[in-house]
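Trainee: This is the structure I want to talk about, given as structure tokens.
The values are calculated or read from the model by the stated rules, or taken from the named source; none is laboratory data. Fair warning: this is a prediction, and the values are worked out from it, not measured in the lab. Neighbour counts are summed over all protein chains in view; Cβ atoms, including those assigned to glycine, are modelled from backbone coordinates with ideal geometry.
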Amino acid sequence: MVVVTGAAGFIGSNIVRALNRRGETDIVAVDDLTRAATSANLHECTIGDYLDKTDFVGRFARGAFGHVRAVFHEGACSDTMETDRRYMMDNNLGYSRRLLEACLVQRVALVYASSAAVYGRSDTFVEAPEHERPLNAYADSKHLFDQVVRGLLREAGGKSPSQVVGLRYFNVYGPHEAHKGRMASVAFHHFNQFRAEGKVRLFGAHGGYGPGQQMRDFVSVEDVIAVNLHFLDRPELSGLFNVGTGQARPFNDVAATVVNTLRRTEGAPPMPLDRLVRDGLIEYVPFPDGLRGTYQCYTQADIGRLRAAGYTAPFRSVEEGVGRYCEWLESNDLGHLR
């Protein structure tokens, strides 16, 4: 049996699908069942049970599910603009600690979602405390749980009673994220903007970067899932690992890929960035005051530890990954917010 928390969400539902493709169907899906919007993400999946997060953790701690091979803990409040720290800490830190304790007692592997948000203002993205400078409540909650895990592994000499892996996701995009609303990827929002208005809007100059030149490490959910399964298959590995491509790309590249992919579906040829801007297909808007001081203008995963852990597969480029995603959205007519 495998447990997936946040199973109806973006990454969680993609993990369930990947497990199904492997022939795994004895899956306990856990989520906040008061939110109906995400349930559609599991409609095509095969699972053994579907539980509310408040019911699950106590039952799991009591050993109610028998032998559990692993828990993929993807459930969390992922809104980087949420200011209610009590709510954030209870959801992302307190719940995760209770789950970790139950996994350790029962010798169950735990692979959980951390975040590149823990690096905040840092310009060095290496899994080390000196480079971690959270900027908001979400990042704080992820960082604090990473510290719990780091302390556990340090006390255990790197060998905890069972596998514990924290994956620091960078900017993930891909199928089944529509329910995330404003927290969905820029690729998703660009797709919707271009379909609705015939243009994509990007932030203008900010933080020493020119218009649309702020840079992130954009990683396809397909690659993220492959990394999760890599650790599932290697229970001897524990620790904190970045999950990104290792290559920062400007937002301009994402926007250009979205526009040119959709133009291609209409039989139009691709256009270079300067032409897209000149023709009004990409436009720049003033940087919002509400994001000043809390916005990461640059992220780039150092994936040295991930490679050292034996993950050798290449990561999809923006052109390949975002292009594939836009084609998926177009073919499934799912490029709208739900």
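Trainee: For the range 64-74, give me each residue that is of a type in the set (G, A, S) and exposed (fewer than 13 other Cβ atoms within 10 Å of the Cβ).
Mentor: Result: A64, G66.
Trainee: Given the conditions (1) of a type in the set (A, V, I, L, M, F, W, C); (2) farther than 16 Å from R316 by Cβ; (3) out of contact with any strand residue (DSSP E or B) (no Cβ under 7 Å at 6 or more places or on another chain), report the number of the one that A226 does not fulfil.
Mentor: (2)
Trainee: Please give the number of the condition L33 fails out of (1) surrounded by fewer than 20 Cβ atoms within 10 Å (Cβ to Cβ); (2) at pLDDT 95 or above; (3) of a type outside the set (S, T, Y).
Mentor: Just one mismatch for L33, condition (2).
Trainee: Just the residues that are more than 30 Å from L152 (Cβ to Cβ), touching a strand residue (DSSP E or B) at 6+ places or on another chain (Cβ under 7 Å) and not in a helix (DSSP H, G or I), please, taken from the range 234-253.
Mentor: Residues satisfying the conditions are A248, R249, P250.
Trainee: Could you please find all residues in the range 254-272 being surrounded by fewer than 19 Cβ atoms within 10 Å (Cβ to Cβ) and either touching a residue at least 24 places away in the same chain (Cβ under 8 Å) or in contact with a strand residue (DSSP E or B) (Cβ under 6 Å, 6 or more places away or on another chain) (or both)? Spell out how you get there, then give the answer.
Mentor: Going through the range 254-272, the residues surrounded by fewer than 19 Cβ atoms within 10 Å (Cβ to Cβ) turn out to be 263-272.
Scanning the range 254-272 gives a single hit, T265.
Trainee: Taking the condition of being assigned to a helix (DSSP H, G or I), under 21 Å from M215 (Cβ atoms), at pLDDT 95 or above and hydrophobic (A, V, I, L, M, F, W, C), how many residues in the range 259-315 meet it?
Mentor: Matching residues across the range 259-315 total 5.
Trainee: Only one of F60, F10 is farther than 30 Å from Y325 by Cβ, buried (at least 18 other Cβ atoms within 10 Å of the Cβ) and at pLDDT 95 or above. Can you tell me which?
Mentor: F60
Trainee: Here's something else I'd like to know. Right, A226: surrounded by 13 or more Cβ atoms within 10 Å (Cβ to Cβ), at pLDDT 95 or above and part of a helix (DSSP H, G or I) or not?
Mentor: The answer is yes for A226.
Residue by residue, here is whether (1) farther than 27 Å from A18 by Cβ; (2) in contact (Cβ under 8 Å) with a residue 60 or more places away in the chain; (3) not charged (D, E, K, R) holds:
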position	(1), (2), (3)
Y138	no, yes, yes
R154	yes, no, no
K159	yes, yes, no
F170	no, yes, yes
H176	no, yes, yes
F188	no, yes, yes
E197	yes, no, no
G204	yes, yes, yes
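Trainee: A follow-up question, please. Which one of these does T46 not meet: (1) part of a helix (DSSP H, G or I); (2) modelled with pLDDT of 95 or more; (3) of a type outside the set (K, R)?
Mentor: T46 satisfies every listed condition except (1).
Trainee: Could you list, in sequence order, the residues of the range 169-179 that are within 27 Å of D302 (Cα to Cα) and not hydroxyl-bearing (S, T, Y)? Working first, answer last.
Mentor: First, pick out the residues of the range 169-179 that are within 27 Å of D302 (Cα to Cα): 169-177.
Within the range 169-179, F170, N171, V172, G174, P175, H176, E177 qualify.
Trainee: Being touching a Gly at 6+ places or on another chain (Cβ under 7 Å) and of a type in the set (D, E, K, R) is the filter; apply it to the range 124-179 and report the residue that is surrounded by the fewest Cβ atoms within 10 Å (Cβ to Cβ).
Mentor: Ranking the qualifying residues of the range 124-179, first place goes to R133.
Trainee: Something else now. List every residue pair whose Cβ atoms sit under 9 Å apart, with the two residues 6 or more apart in sequence or on different chains, where the first one lies in the range 100-119 and is closer than 24 Å to N242 by Cβ and in a helix (DSSP H, G or I) and the second, anywhere, is of a type in the set (D, E) and at pLDDT 95 or above.
Mentor: From the range 100-119, the pairs are A116/D217; V118/E132; V118/D146; Y119/E132.
Trainee: Within the group T261, T245, which residue is under 17 Å from the mean Cα position of the chain (by Cα) and polar (S, T, N, Q)?
Mentor: Values: T261 fails: under 17 Å from the mean Cα position of the chain (by Cα).
Exactly one of T261, T245 is under 17 Å from the mean Cα position of the chain (by Cα) and polar (S, T, N, Q), namely T245.
Trainee: Scan the range 13-30 for residues that are surrounded by fewer than 21 Cβ atoms within 10 Å (Cβ to Cβ) and either part of a loop (DSSP other than H, G, I, E, B) or not basic (K, R) (or both) and report the count.
Mentor: Number satisfying all stated conditions: 7.
Trainee: How about the range 68-95: which of its residues are modelled with pLDDT of 95 or more and not basic (K, R)?
Mentor: V68, A70, V71, F72, H73, E74
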